[in-house]
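The values are calculated or read from the model by the stated rules, or taken from the named source; none is laboratory data. Keep in mind that this is a model prediction, so the values were computed, not measured. Counting neighbours? That spans all protein chains shown, and the Cβs are built from the backbone with ideal geometry, glycine included. The accessibility values were calculated without ligands, DNA or RNA, using every heavy atom of the protein model including side chains. Shrake-Rupley method; radii C 1.70, N 1.55, O 1.52, S 1.80 Å.
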Amino acid sequence: MRLTPKQEGNIIMFIVICVFAINIPVNKYVYSHGYLSSFGMTLMRMSFGGLAFWFTSLFTPKEKVEKKDMLILFVGGLFGMVLNQGLFAYGLSRTSTIDASIITTAGPLFAMIIAAIVLKEPVTAKKVGGVVVGAAGAIFLVYTSHLGHPGQEADMIGNLSVASASFSYAFYLVITRPLSTKYSPITLMKWMFLYSAIILSPIFYKEITEAPLFTQKDIFPYLLVGFTLVGATFFTYMMIPLAQRRIRPTTIAMYNNLQPLIASFIAISVGMDKFTIDKLIAGILIFVGVYLVTASKSKADLDKEVAEVENKV
């Protein structure tokens, strides 16, 4: 049975979000052992992504980017990579893990509002309901998982930084969506990662040159960093534009709410956590939310319905 474009987009994003979820404990291990700072990791991801996508582009059909689109790519790199990852890393260092996880559930709401303004996507009751239900599931999971295990004290600036990171990612998804059908993922990413690396290098280059990672001989930290660079950077950012062609920004943003659920599943699988009724309830709410947003009508759906009515008249 052949999958529909919408089904393909949802499968792609599910795989992407699984990789992102695995990358969370991977990065925590690297940071907690002092091998590399969060800003050093961000610069390494931008630099590696730029090199990897430019190298890959040598073996793919050449695409000329229009000047007006080059500006969108620069803004996309600024918001989707520099501000998104930079602000989240900074915010997480100043606020609690619980607060950060809860605040990121606002991403789909930001995406829905921005898409309505920029892309004229309709804000339907089903879509709003899906965003609310999905966010409730993610918040419930994070809250119940950390009862009795408080993290560091919350910080207003930290919370605002995390919220700004979510807004930046949502803005990136919306403004780059039209380009996802115009250019290949390789072309999009080679320029956005290049711009990001150029912006960050003068600021954080010492976070790499002076990193303890390169003065130790254990291979394990290198394998973890390698997973982040190849899996959670090159692979995922090549897949996201493919999903953007098939599903809406709000739906893509909704998948962020699955991260704590998948992280919990991984923890249960390796014996670090236990299955509880709370996790079941949260999982149901999150999946229902994703379904409602996916099933809601897009601008293209409404335009098609109007055209069909006009043809019958």
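Please enumerate the residues belonging to the stretch 210-226 that are under 22 Å from residue 87 (Cα atoms) and part of a helix (DSSP H, G or I).
Selection gives 225 alone.
Exactly one of these conditions fails for residue 51: (1) open to solvent by 80 Å² or more (accessible area, probe 1.4 Å); (2) closer than 16 Å to residue 221 by Cα. Give me its number.
Condition not satisfied by residue 51: (2).
For the stretch 1-59, how many residues are touching a residue at least 24 places away in the same chain (Cβ under 8 Å) and part of a helix (DSSP H, G or I)?
Matching residues across the stretch 1-59 total 41.
Would you be able to say whether some residue in the stretch 191-205 is β-branched (Val, Ile, Thr) and surrounded by 14 or more Cβ atoms within 10 Å (Cβ to Cβ)?
There is at least one residue in the stretch 191-205 that is β-branched (Val, Ile, Thr) and surrounded by 14 or more Cβ atoms within 10 Å (Cβ to Cβ).
Inside the stretch 7-55, can you point out the residues that are in contact with a Ser or Thr (Cβ under 7 Å, 6 or more places away or on another chain) and either at positive phi or of a type in the set (D, E, K, R) (or both)?
Hit for the stretch 7-55 is 45, nothing else.
For the stretch 224-244, indicate whether the set of residues that are more than 26 Å from residue 54 (Cα to Cα) and either modelled with pLDDT under 85 or crowded, with 20+ Cβ neighbours inside 10 Å (or both) is non-empty.
No, every residue in the stretch 224-244 fails to be more than 26 Å from residue 54 (Cα to Cα) and either modelled with pLDDT under 85 or crowded, with 20+ Cβ neighbours inside 10 Å (or both).
If we keep just the residues of the stretch 162-186 that are among the β-branched types (Val, Ile, Thr) and open to solvent by less than 10 Å² (accessible area, probe 1.4 Å), which is nearest to residue 104 (Cα to Cα)?
Restricting to residues being among the β-branched types (Val, Ile, Thr) and open to solvent by less than 10 Å² (accessible area, probe 1.4 Å), the top hit is 162.
Return the residues of the stretch 76-101 that are modelled with pLDDT under 85, within 10 Å of residue 162 (Cα to Cα) and in a helix (DSSP H, G or I); say none if nothing qualifies.
Matches in the stretch 76-101: 85, 86, 88, 89, 90, 91, 92, 99, 100, 101.
Out of 7, 85, report the one residue that is surrounded by 19 or more Cβ atoms within 10 Å (Cβ to Cβ) and of a type in the set (S, T, N, Q).
Criteria check complete, one pass: 85.
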